[in-house]
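The values are calculated or read from the model by the stated rules, or taken from the named source; none is laboratory data. As the structure is a computational prediction, the values presented were derived from the model and not from experiment. Positions of Cβ are generated from backbone atoms using ideal geometry, with glycine treated the same way; all protein chains shown enter the neighbour counts. The protein model used for the area step is the full one, side chains on, heavy atoms only, and it has no ligands, DNA or RNA in it. Shrake-Rupley method; radii C 1.70, N 1.55, O 1.52, S 1.80 Å.
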Amino acid sequence: MTKRPVIGISLDAEYNGGYSKMPWYALRQNYCDVVVQAGGLPLLLGHYMDLVDDYAAKIDGLLIPGGDFDIDPRLFGVETIHETVTLKPERTDFEFAIARKIIQQGKPVLGICGGMQVLNVLFGGSLIQHIPAEVEGHIAHEQANPDQPAHTVAIDEGSLLHQIAGVTMTQVNTAHHQAVKAVAPSLKASAWAEDGVIESIEALDKTHFILGVQWHPEYKVSATDTKIMDAFIEAAR
């Protein structure tokens, strides 16, 4: 039997209320499901900065998921914070640290929704803090039912994403109020929504699997979603 590559998945965090009065971690099951279905072994990562090196030694790839959080705009040089922004600095600090370490090791990284935004800011890019406030003529980017397609994205033919998907247009779901603004210097945009919002970024260096998608492929609303997860796990193998 082929060994399953170990995929580290960072957790979302809630600090009080809801499930417990004590701080707790959270992750939707379908993140783990798609990793297992693609042939990987999920390992959930708590936000322990002193364990970054230990985590990195054990995992073959990193998946940075979405969640109920935003990245501090001060990390991309903006002092004014929009009223809709929700910060979780402990999560952001951890994800920056583990992503930086995994990338240094040449291992694959997949950023989903907020995870894509983490990658862009980590590499020196910036974000739109709230799409309705900054994008004229924007389409709806927050849907109630992410298990259904919401809009199409156009894919750059010369991109890693196109190599994976094999199509130039695909249907995606959507659940975000922020987006990539200025793409980081070592990354490039590779897919766009109908309103011009960037929906995918990837490394300029095609030998390193670094891919971010603004939608949620763990819901598998199209064949492209399954292909993304398969390609990520194969890169980790």
Calculate the length of the line joining the C-alpha centroid of region 195-237 to that of region 7-70, in whole Å. 18 Å
Exposed-site-free run, longest, the chain (rule: GluC sites (Glu not before Pro); DSSP loop; at most 16 other C-beta within 10 Å): 1-78
Extension gain (nm, one decimal) between GLU79 and ALA154, 0.36 nm per residue minus Cα-Cα: 23.7 nm
Taking every DSSP beta bridge with both residues inside the chain, roughly what % is antiparallel (nearest 5)? 55 percent
Relative contact order for region 168-223 using alpha-carbon pairs under 8 Å, separation at least 6, rounded to a whole percent? 36 percent
According to a simple spin-label model (label point 7 Å from Cα along Cα-to-Cβ), what is the distance in nm between LEU27 and ASP68? 1.9 nm
Which listed residue (LEU51, GLN178, VAL221) has the Cα farthest towards the positive end of the charge dipole for the chain, taking +1 on Lys and Arg C-beta and -1 on Asp and Glu C-beta about the Cα centre? LEU51
How much net charge surrounds ILE71 when only other residues with a Cβ under 10 Å from its Cβ are counted (Lys, Arg +1; Asp, Glu -1)? 0
Quick one: if you stick a label point 7 Å off each Cα along the C-beta vector at ASP205 and THR86, how many nm between them? 3.5 nm
Selection from ALA38, LEU122, MET22 lying farthest towards where the dipole of region 20-131 points positive, charges on Cβ: ALA38
As a test question: what accessible area, to the nearest 10 Å², does HIS162 have when a 1.4 Å probe is rolled over all protein chains in place? 50 Å²
Take every Cα pair under 8 Å in the chain that's 6+ residues apart, average their separations, divide by the length, and report that relative contact order as a whole percent. 21 percent
When only Cα pairs under 8 Å and 6 or more residues apart are kept, what is the percent relative contact order across region 2-111? 31 percent
Can you give me the accessible area per residue for region 68-126, using a 1.4 Å probe, in Å²? 39 Å²
